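Take a look at the structure below.
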Amino acid sequence: MSGSYQQHIDGVWTDAAGGGTWDVVNPATEQVIRTVPFGSRADCEAAIDAAARAFPAWAQRTPYERGAWLARAATLMRERVDALAHTTVLESGKPFPQARGEWLVAADLFEWFAEEGKRAYGRTIPSRVASKRLTVLRQPLGVVGVITAWNFPAYNPARAWAAALAAGCTVVGRPSEFTPLTAMEMTGLLIEAGLPPGVLNLVNGEPEPMGQAMLDHPACRKISFTGSVRVGKLLMDGASRTVTRLSLELGGNAPVIVLPDADPARVAAGGVTSKFRNSGQVCVAPQRFFVHRRLADGFADTAAARASELRVGDGLDEETQVGPLINARQRDRVEGLVQDAIRAGADLRAGGRRPERLPRGYFFEPTVLGNVDPALPVFREEVFGPVMPIVSFDDLEEAIALANDTSYGLAGYVWTNDLSAAIKASEGLHFGIVGVNEWAPHATEGPFGGWNQSGLGHESGAEGLAEYLETKLVTIGGIE
């Protein structure tokens, strides 16, 4: 690891105002890898004050100037990707190739928004009055608080920071306390790229006091949050007092509909790879597998065989394909969901336990469950772990109804060679993202956002930039 592992406020690396610290733990070894500052409300307020002071000058910079700094940061990320990925593996546990790929996507986000900021176009509107002119401007919101989750410690901050900075906003980032080192590395690269003091500030500390500081401070005009539905609702309650804008990415429970004309072996193999990426700790991970009854047994057999072949271990081991869960609490929760499902009659086809050869670390074997009752928590909740539950269905309408029977609405998947069925399913699913015959239905240049209780607003794409811009109408009258 390299770099400064502290908070960064107003251009200065600093400890917590109250002297608090937090031990960052490697989830593969349960060993402390670094002790970092752990602040509270005062640290967050100081960061917001610094961002507010920096905002006027940053907003007045041209998007070409702002974009040059962001593009330089993207270059630095690519040049140092292996060292950066090593840090991310240590604190998150994910396999090194996945961490490396995550940092490359983070670089793509900074590069893309460096260019998209130049396209924050306004417009002129033809007036019905000859002596009047109407112009629409897009201007930056102000200070933005960005609270991100631990599952993608580089990607989650990058998509919000890059868009906000490109739009002309200043940022106060608060990463998960479980994975702060990656965000600290990213902050260091942006500072090295030349970002002026106060434009990007980073705090690490108590979630509730820092969130409240962002809600209460009049200079913080928006909060971007990635995390649980429970916390998202708390932010909505708090924002009602101050009318603080929110972008919320609150997770998902993605359905996969496998129709009878699909190749069950091919879809099962791809589904295993996608399902167990990052040990299943992915908000758009395929979660609820609805497989046509004619294919269900063969699909489950292939999935179980493939899952059993996956190598579980430390993310720095070249042979590792599935790493640990983020902490003991998450592992215990996943284990409980699986045990409850088995007691309720689900068939354990693979996994279902902690690997005996790994006595330390928060590991859980890739698990495949068949004959799952759709009413069980393992099917209705966002498991966020390496568990693949399978349910059979008889017709498309039934599958769509089962898929939509959830409070979530982030991502969904459809596998079929029937064009009509693909269109019907993709239009009928109540989800913000639908992948047809693919496992990666997202892109830097496309909008990412959910329906229902999966959140509000969008990240990435042109929509991601628009989240950080105000719309202003300017009218000029008395023209002769």
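Backbone amide hydrogens, once placed in the peptide plane, bring Thr170 within less than 5 Å of Gly142, Val143, Val144, excluding anything fewer than 5 places away on its chain. Which residues make up the longest stretch of the chain clear of trypsin sites (Lys or Arg not before Pro) that lie in a DSSP loop with no more than 10 other Cβ atoms within 10 Å, not counting the sites? That would be 129-356.
Annotation: amide H of Leu369 within the under-5 Å range of Arg349, Met388, Ile390, sequence separation 5 or more or interchain, hydrogens built in the peptide plane.
The mean accessible area for residues of region 143-299, using a 1.4 Å probe and ignoring ligands and nucleic acids, is 25 Å² per residue. Mean separation of Cα pairs under 8 Å and 6 or more residues apart, divided by the residue count, gives region 276-383 a relative contact order of 28 percent. For region 15-148, the relative contact order comes to 22 percent (Cα pairs under 8 Å, sequence separation of at least 6). Taking the Cα centre of region 378-480 as reference, the dipole from Cβ charges on Lys and Arg (+1) and Asp and Glu (-1) amounts to some 160 debye. Considering the values (1) 34, 29, 24; (2) 46, 24, 19; (3) 39, 29, 19, which represents semi-axes √(5λ) of the Cα gyration tensor in Å as calculated for the structure under consideration? Recomputing semi-axes √(5λ) of the Cα gyration tensor in Å here gives the entry labelled (3). Short-range pairs are left out: with C-alpha atoms under 8 Å and at least six residues apart, the relative contact order of region 291-342 is 17 percent.
Say R0 is 41 Å: what FRET efficiency, to the nearest 0.05, do Glu397 and Ser240 get from their beta-carbon distance?
0.60
Kindly list the residues of region 242-283 that lie in the label zone of Glu309, defined by a backbone N under 18 Å from the point 7 Å along the Cα-to-C-beta vector. Residues passing the 18 Å test: 263-277.
Using only the Cα atoms of region 108-243, build the gyration tensor, take square roots of its eigenvalues as a ≥ b ≥ c, and label the shape rounded, prolate or oblate: rounded if a/c is under 1.5, else prolate if a/b is larger than b/c, else oblate. Oblate.
Amide H to amide H distances under 5 Å link Gln7 with Thr14, where only residues 5 or more positions off or on other chains count and H is placed in the peptide plane. Using θ = phi - 60° in the Karplus curve 6.51 cos²θ - 1.76 cosθ + 1.60, the 3J(HN,Hα) couplings for region 395-402 round to 8, 4, 4, 4, 5, 5, 4, 5 Hz; x is entered for Gly and Pro.
Separation of the alpha carbons by more than 24 angstrom is noted, of Lys118/Lys233; Lys118/Lys222; Lys222/Lys472; Lys132/Lys472, for Lys118/Lys233.
Considering only beta bridges that DSSP places wholly inside the chain, some 40 percent are antiparallel. For region 360-369, backbone phi angles converted through the Karplus equation (6.51, -1.76, 1.60; θ = phi - 60°) give residue-by-residue couplings of 10, x, 9, 8, 8, 5, x, 10, 10, 10 Hz, Gly and Pro being listed as x. Here the alpha carbons of region 7-94 define both size measures, Rg and Dmax, at 16.9, 48 Å.
What number, rounded to the nearest 500 deg cm²/dmol, is the helix-based mean residue ellipticity at 222 nm of the chain, given -39500 (n - 2.57) per DSSP H run of at least four residues and division by all its residues?
Helix contribution divided over all residues of the chain: -12500 deg cm²/dmol.
Rounded to 0.05, the FRET efficiency of the Ile342 and Asp418 pair, given R0 = 25 Å and the Cβ-Cβ distance, is 0.10. Listed values for region 22-31 are Karplus-derived 3J(HN,Hα) couplings in whole Hz (6.51 cos²θ - 1.76 cosθ + 1.60, θ = phi - 60°), namely 9, 8, 8, 10, 6, x, 7, 10, 6, 9, and x replaces Gly and Pro.
Nearest 0.05, what FRET efficiency do Glu356 and Ala219 give at R0 = 35 Å with Cβ-Cβ as r?
Efficiency computed from Cβ-Cβ geometry: 0.05.
Take the Cα radius of gyration of region 42-198 and divide it by 2.2 N^0.38 Å, N being the number of residues; the result is 1.18. Since only Gly142, Pro56, Ala17 are under comparison, the one whose Cα sits farthest along the positive direction of the charge dipole of the chain, derived from C-beta charges on Lys, Arg, Asp and Glu, is Pro56. Length available on full extension from Arg294 to Lys233: 0.36 nm per residue minus the Cα-Cα distance, which gives 17.8 nm. Look at where the Cα atoms of region 409-480 and of region 45-75 average out, and the two centres are 27 Å apart.
The values are calculated or read from the model by the stated rules, or taken from the named source; none is laboratory data. In this text the structure is predicted, and so the values were computed from the model without any measurement. Cβ coordinates were reconstructed from backbone atoms using ideal geometry, including for glycine residues, and neighbour counts include every protein chain displayed. For the accessible areas, the whole protein counts, side chains as well, though only heavy atoms, and no ligand, DNA or RNA atoms are used. Shrake-Rupley method; radii C 1.70, N 1.55, O 1.52, S 1.80 Å.
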